[in-house]
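So the structure is just underneath, and the comments pick up after that.
The values are calculated or read from the model by the stated rules, or taken from the named source; none is laboratory data. Small disclaimer: the values here were computed from a predicted structure and weren't measured. Positions of Cβ are generated from backbone atoms using ideal geometry, with glycine treated the same way; all protein chains shown enter the neighbour counts. Quick note on the areas: whole protein, heavy atoms, side chains included, nothing else; ligands and nucleic acids left out. Shrake-Rupley method; radii C 1.70, N 1.55, O 1.52, S 1.80 Å.
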Amino acid sequence: MTIQQFRLPDVGEGLTEAEIVTWRVAPGDPVRLNDVLVEIETAKSLVELPSPYDGVVQSLLVDEGQTVDVGSPIIAIRVDSEADATPDDTTGTRAAEPTTVPHPVGAAAAERTAVLVGYGVSAQEPTRRRRRRALSARSADTARPADTARSADTARSADTARVPHPSRPPVLTKPPLRKLAKDLGVELAEVRGSGPDGRVTRQDVLDHTARRVLPTPGAPGLAAQSAAQSSWSTASTADDAVRQDERVPVRGVRKATAAAMVASAFTAPHVTEFLTVDVTGTVELVDRLRKDPAFAGVRVGPLLVASLALLDAVRNHPDINARWDQENQEIVRFADVNLGIAAATPRGLLVPNLKASQDLSVRELAVALNELTVSAREGRTRPADLAGGTITITNIGVFGIDAGTPILNPGEAAILCLGAVRRTPWVVNEQVVPRWTTQLSLSFDHRLVDGELGSRVLAHVGRFLEDPMWGLAMR
Amino acid sequence: MSTSTITSTADLPRTSDGCIQFVTPDGQLRTDASVDHDALGRLIRDLYRGMRLARRFDDEAFALQRQGELGLWLQCRGQEAAQVGSIAAVRADDFVFPSYREHAAALWRGIRPADLLRQWRGVANSGWDPEPYSFHIYTLVLAAQLLHATGYALGVQRDGSDTVVVTYFGDGAASEGDASEAMNIAATNQAPVVFFCQNNHWAISTPSSSQSRTPIHRRAAGFGLRSEQVDGNDVLAVHAVTSALTEHVRSGGGPALIEAITYRMGGHSTSDDPTRYRTDSELEAWRAKDPVTRVEALMHAQGWSDDAFLDEVQAEADELAARTRRECLALQAPDLADAFATVLADVPQLLQEERDAFVAYRDSFLD
């Protein structure tokens, strides 16, 4: 005869506890397999628990109203023998004294412990980490047959150095490091792992690379390394990281941008002025145009209104649309406004321009801006579009930035910078009200543009953006 | 006539709202049902046995879950007639794509209790090799099995085989886009599929009334499927309509849908508490239409059963329950190395190497 304890199961996929609501049995009651023992309430529902045993109730281990953890014994049932747990098998020897079996029914279940999800794990499964057979001692150049390596005699030898072998267990490491090793041409099995359980760490891979490549001056791909770097590296200890800086050749647009910016920044004395304006009117106009059937299919944004504003400022202050001709010691006033738009493209920063943009209608300008930005984004800006600009707008507002001090496109006298359009408190008629505002900045070449002209141009742009209907009416 | 020889549904007895029914909920054979009495008597005993065994198995599995031996169980209680009536009406080599509640159909096909339970005990991802049973593993992401069935049926079509593909799903799955896609693709290709919908009235806690404004069988008709609605708790009616529509499909008539009106007597799963969303009176109304007691009443009234037969089935059910418990408690985790063998038909070199590496790794442990 044995006493079986029934532990509270998790009846609902991840429950950790339940309340004992009503016992349906009392000590001394006979119970049959699957008779209801108790009603419990979980976080999910009221549930009846059926008996896993045939037998007699020995004792109730938990009172009604108590909340118990999953896995706690709740009832002890006296059964004739363990085998009685299954009704089809009634044979079994009766022990003289009851013995307490603190686990569920059956040989397999008796060794199970309750876990978060209903069925238990076998008690035989170790809670500690499984022990590995130690990998046998060997030097790196003596590969041995796998079965010898795993033989019991050599299994416990101390050295755990790993050598590559097709049938060896895989090296413990993380997928990104496997890729790193592959990229570096490192055989992971050759790397000594310093992490837990011999796990190979990033540092291990890098150290291995350092040891491997440095004494090999002719290694492919490393020919460009200078002797100085080699000696530096050799001098360092093996534990030092070899974190190599990446060196990217300067080509194409990057090279052109660098040359242009140096030429501009160190020849034209730059002045930058700032103006914060209420652009609620501009926002409203943009909304209106977006809804207008005449603008269907045309992207309309603040850049369009800013372009109109700058063109209008140039109309009123043509001296801003000019350049300094150092060679001839002349100021060149451009006949046309070739309006450049700074664009971040896959190739890098490009400033394509709209030729004779002063002659375009509002809609034509919108379409042209569209075409220009789409072409730039798709990398099909024509060289002609990049040449001959006279004045530029850069829109850093699209990146959420308020203002900057732009550097002039070489050969131009001014560049207008648009900030982000934000909702800000603004004083209108002595009332603080929320308005759309933005910061404008204008850099200009002080050789030919004085503070007065620059200020007037920026003020004109600001006024236009504040009241674009006025601006268009005055056009 | 015997229901298995029925090839047309035109003459089948129907309730006033067009639902095919042979036996009323109180076990009376409908007067408009013309049947071969002896043949039906033999058939009904087989079907009853299948239903009783399924219910006993289902109850035992439910108890095992409540005793902490299964992580989860989805009861088929109340749907035995829909499942047994249909699976008994198709050919043994007709390929079945079930949801996860088709225990009665699975047992009918000979799938062992241990195989039905291992997934729910958490020792394996699925229970059995579908091929020998022509019964696919359970689908957990519902409505996917309709697409699997349709795709399989397109293959059957190209093989020139006369196999019919049967897929089981519920009213909940019918609301998913996959179901509509599957029905449409099956219809446009005239694929040999029988879509067997067990409308058990509840998609977990969502009632069928808030899922569809029209009966599901009418929706199927809209896709161009031959469709019928049947009393899903009347095993004879289910058998008859499944026989008829399966032959329709087999003879090249294109896909069909059967909507079996039934009821899920248990919760959605052992983690569900159905009392939170449905009333006791609804449950009682359906208990009065129970598919098993209906057949018991019918057999008694028609003189098709006696105590010896009932005792025999009872004994068999008890033995099945004991076996179910025994097999459940003895379930072992599978050898993970087997996973490599069941993924691809031809094991490529790389996979073989990975398997060998895994086996070497597994064998590298002392304990």
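Overview of results
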read-out	value
The range A:400-435, residues that are open to solvent by 60 Å² or more (accessible area, probe 1.4 Å) and assigned to a strand (DSSP E or B)	A:R422, A:R423, A:P425, A:W426, A:V427, A:Q431, A:V432, A:P434, A:R435
Qualifying residue in the range B:291-313 (condition: within 14 Å of chain A (Cβ to nearest Cβ) and either under 25 Å from the mean Cα position of the chain (by Cα) or surrounded by fewer than 16 Cβ atoms within 10 Å (Cβ to Cβ) (or both))	no
Every residue from the range A:301-336 that is in contact with an Asp or Glu (Cβ under 9 Å, 6 or more places away or on another chain) and either more than 21 Å from A:L365 (Cβ to Cβ) or open to solvent by less than 20 Å² (accessible area, probe 1.4 Å) (or both)	A:N321, A:A322, A:R323, A:W324, A:I331, A:V332, A:R333
So B:S205, is it touching a Phe, Trp or Tyr at 6+ places or on another chain (Cβ under 6 Å), over 12 Å from B:L257 (Cα atoms) and open to solvent by 30 Å² or more (accessible area, probe 1.4 Å)	yes
Some residue of the range B:322-339 being open to solvent by less than 40 Å² (accessible area, probe 1.4 Å), in a helix (DSSP H, G or I), among the polar types (S, T, N, Q) and closer than 17 Å to B:R56 by Cβ	yes
Residue tally, condition touching a residue at least 40 places away in the same chain (Cβ under 8 Å) and more than 9 Å from every other protein chain (Cβ to nearest Cβ), over the range B:265-290	9
Those residues of the range B:321-361 which are in contact with a Lys or Arg (Cβ under 6 Å, 6 or more places away or on another chain) and within 12 Å of another protein chain (Cβ to nearest Cβ), in sequence order	B:A321, B:L331
The listed residue being closer than 16 Å to B:A143 by Cα and either out of contact with any Asp or Glu (no Cβ under 9 Å at 6 or more places or on another chain) or open to solvent by 10 Å² or more (accessible area, probe 1.4 Å) (or both), out of B:N189, B:N199	B:N199
Of all residues in the range B:112-125 being part of a loop (DSSP other than H, G, I, E, B) and either of a type in the set (A, V, I, L, M) or touching a Ser or Thr at 6+ places or on another chain (Cβ under 8 Å) (or both), the one that is nearest to B:S175 (Cα to Cα)	B:A124
Set B:Y263, B:Y361: member being surrounded by 13 or more Cβ atoms within 10 Å (Cβ to Cβ) and assigned to a loop (DSSP other than H, G, I, E, B)	B:Y263
Tally of residues being of a type in the set (G, A, S), more than 14 Å from chain A (Cβ to nearest Cβ) and closer than 19 Å to B:Q198 by Cβ across the range B:31-86	7
Any strands (runs of 3 or more DSSP E) falling wholly within the range A:267-377 and containing at least 2 residues that are without any contact (Cβ under 8 Å) to a residue 40 or more places away in the chain	A:330-333, A:343-345
Filter result for B:Q28 (within 13 Å of the chain's Cα centre (by Cα) and either crowded, with 19+ Cβ neighbours inside 10 Å or away from chain A (no Cβ under 14 Å) (or both))	no
Unmet requirement for B:A317, which otherwise passes all of (1) within 14 Å of chain A (Cβ to nearest Cβ); (2) closer than 18 Å to B:A81 by Cβ; (3) open to solvent by 80 Å² or more (accessible area, probe 1.4 Å)	(3)
Sole exception among (1) out of contact with any Lys or Arg (no Cβ under 7 Å at 6 or more places or on another chain); (2) within 9 Å of another protein chain (Cβ to nearest Cβ); (3) open to solvent by less than 60 Å² (accessible area, probe 1.4 Å) for A:E13, by number	(3)
